[in-house]
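Presented below is the structure to which this report refers.
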Amino acid sequence: MPGVRGALAVLAAGALAGALAGAPAVRAAPAPSAPGGPDLTRFYGQHPAWQTCPAGFGGTGTAGSGSPAPPGAAPPPGSAGRFQCARLEVPRDYRHPDRGTLRVQLVRLPATGPGKRLGSLVINPGGPGDSGVDYLLANSATFAGLGQRYDLVSFDPRGTGHTDPINCGKSFTPAGGQGAAALAANQQRINEACGRYSGPLLPWVGTPDAARDMDVLRSATGDPKLSYLGFSYGTRLGSVYAHTFPRTTGRMVLDSVEDPTRNTWQTAVDQARGFQRVLDDFAADCARNGCPLSGDTTSVEHQLTAWYGKLNAHPARANGTDVDGTTYAYALREALYSRGSWPALRDALARLLSGDAGGILQLSGGGGSAAGTAEGSATEAMPSQDQLALRAISCRDTSERYGPADYPRAVRELTAASPLFGPDIAPTLLDCYHWPVPGDDTSRNVAAHDAPPALLVATTDDPATPYQGAANMARALGNSSVVLTYHGQGHAAYPSGDVCVRQKVDAFLLDGVAPPGGSGCR
């Protein structure tokens, strides 16, 4: 399937440069409370007690999809002892700040110089559910150029990592049986457990609340405007911030942009198509450049899909773990996030052909099938903490609630979009079945007419956030935001290391210089 091609024109570059020409000041006054609203002065007036992060800090294993370093990896050489940690107190419910607080985990890497310091650059790796703290600890070298003039700052959004992580217990009793009813019943049992363990937190983990936390963070770091770099889900978080706080929005880069015009169902179909398109690209590259699977591109594609059915029917074993079709599909999806992972995928497929599923298991990171799902077992392990956080945030951010009656249509539509990935994406539409708290769609409202234009980075063959989403986001923001096109494969263009993307994003964040109209990177 051909990828979406063609460049989106870069809009209103002159207006953008003018709006952002001045470097941000370094000290901010706390934002006043809205007239008639609750008094938030004590939150906005905080001064975090930054201290050197303790040895071994981090490593929750949620360093972010698209990360060029393994989750929980050690800080890059030369940065040991320079990371600073602190906590930020925020109200659980901003409408009623007297009804309890949360303590948000922060991490900072002070600017190294040379050059005039520009304040703080807040980085979010996406998810939702990923730990921003772990991501920055593992990947600060990726942002070394920006870190000369910015303090690099990240945080664990509420419900994730080290900030009141969502807890649903360790295991649940499966409903038994097969089909849509059994799948939905299992999701209901997981969700009921989440309500028992984390019920008081669940109403307050949505993106609008995390965006409000970022404004408290902006004030606490002394910045009059928020400078921000967000990837994947981080683009939604950034856009909601711009919508909510247009006058304190500064230089904002959104890379691998979520489409605010698509609902959960439509997004699932878009992702199935996106991963299938990049799988087709991988198959073509594999057939041209040496592949453990035989034949031309079409033959390689058929074999890749056939392995999904084979492993579902007869799971392989690796390191004492079943490697079934779901684990296989998850491994392929993880490898397709970055073209740099394609050699590892080739090697894993070669090992699979020889009867060794270890490479597939390694690529999956243990993802896909839940642990402890052996036939006849009385309990199954809960999804991982980052997967539960993703569920909690996603269910709070949507009013959609799909059940067993919707599942057959989901399988049909998603399998039509991708015979390999669609059947395994379809069950995710049941994640919010009987979720303990209601959700709403307010995070899709990103209109930010009074905010300065942002720079949106879109990759033509992005499997997870399809290219067109950036154009839709730019229109939804309504503030002459511009789109920079990266002609390539993968998710999150800036961390991929492309020199052209790095130069243009750095010029925007450091100097307020937008790319010229119609520009792109190849």
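The values are calculated or read from the model by the stated rules, or taken from the named source; none is laboratory data. All values reported here derive from a predicted model rather than from experimental measurement. Cβ: placed from backbone, ideal geometry, glycine included. Neighbour counts: every protein chain shown. All accessible areas refer to the heavy atoms of the entire protein, side chains included, with ligands and DNA or RNA removed. Shrake-Rupley method; radii C 1.70, N 1.55, O 1.52, S 1.80 Å.
Under 8 Å for C-alpha pairs, at least 6 residues apart: give me the relative contact order for the range 310-353, rounded to a whole percent.
Values: 24 pairs, mean separation 10.1, N = 44.
Result for the range 310-353 is 23 percent.
Could you give the length gained on full extension between Val513 and Arg475, defined as 0.36 nm per residue of separation minus the Cα-Cα distance, in nm? If you can, show how the numbers build up before the last one.
On the way: separation 38, 0.36 × 38 = 13.68 nm, distance 2.08 nm.
Answer, rounded to one decimal: 11.6 nm.
Using the empirical formula 2.2 N^0.38 Å as the baseline, the Cα radius of gyration of the range 392-485 reaches a ratio of 1.33.
Taking label points 7 Å from Cα along the Cα-to-Cβ direction, Arg196 and Ala306 give a separation of 4.6 nm.
Placing dummy labels 7 Å off each Cα toward the beta-carbon, the span from Asp356 to Ala405 is 5.1 nm. Solvent-accessible area per residue in the chain equals 38 Å², computed with a 1.4 angstrom probe and all protein chains kept.
If you take the alpha carbon atoms of the range 86-207 and fit the smallest convex hull around them, that volume is 139 Å³ per residue. Relative to the current alpha-carbon distance between Arg87 and Arg522, full extension at 0.36 nm per residue lengthens the span by 152.5 nm. Along the range 440-446 the Karplus relation, 6.51 cos²θ - 1.76 cosθ + 1.60 evaluated at θ = phi - 60°, assigns HN-Hα couplings of 9, 10, 5, 6, 7, 8, 10 Hz to successive residues, with x for each Gly and Pro.
Of all accessible surface on the chain at a 1.4 Å probe, what whole percent is carbon and sulfur? Spell out each step's value before the answer.
On the way: 10500 of 20080 Å².
Here it works out to 52 percent.
For Lys170, a cut-off of 20 angstrom between C-alpha atoms picks up these aspartates and glutamates, skipping any fewer than 8 places away in its own chain: Asp130, Glu192, Asp322, Glu375, Glu380, Asp386, Asp431. Under a 5 Å amide H cut-off, with hydrogens placed 1.01 Å from N, Gly206 pairs with nothing among residues at least 5 apart or on other chains.
Counting Cα-Cα pairs of the range 307-446 in 10 Å increments starting at 0 gives whole-percent bin shares of 11, 33, 37, 16, 3, 0.
Computed from the C-beta positions of Asp441 and Asp296 and an R0 of 35 Å, the FRET efficiency is 0.20 to the nearest 0.05.
Here is the size of the chain from its Cα atoms: Rg then Dmax, 22.5, 70 Å. Under 5 Å from the amide H of Leu484 lie the amide H atoms of Leu456, Val457, Ala458, each residue being 5 or more positions distant or on a separate chain, with H modelled from the backbone and absent for Pro and chain starts. Put simply, the amide H of Gly119, placed in the peptide plane, has neighbours under 5 Å in Asp151, leaving out anything fewer than 5 places away on its chain.
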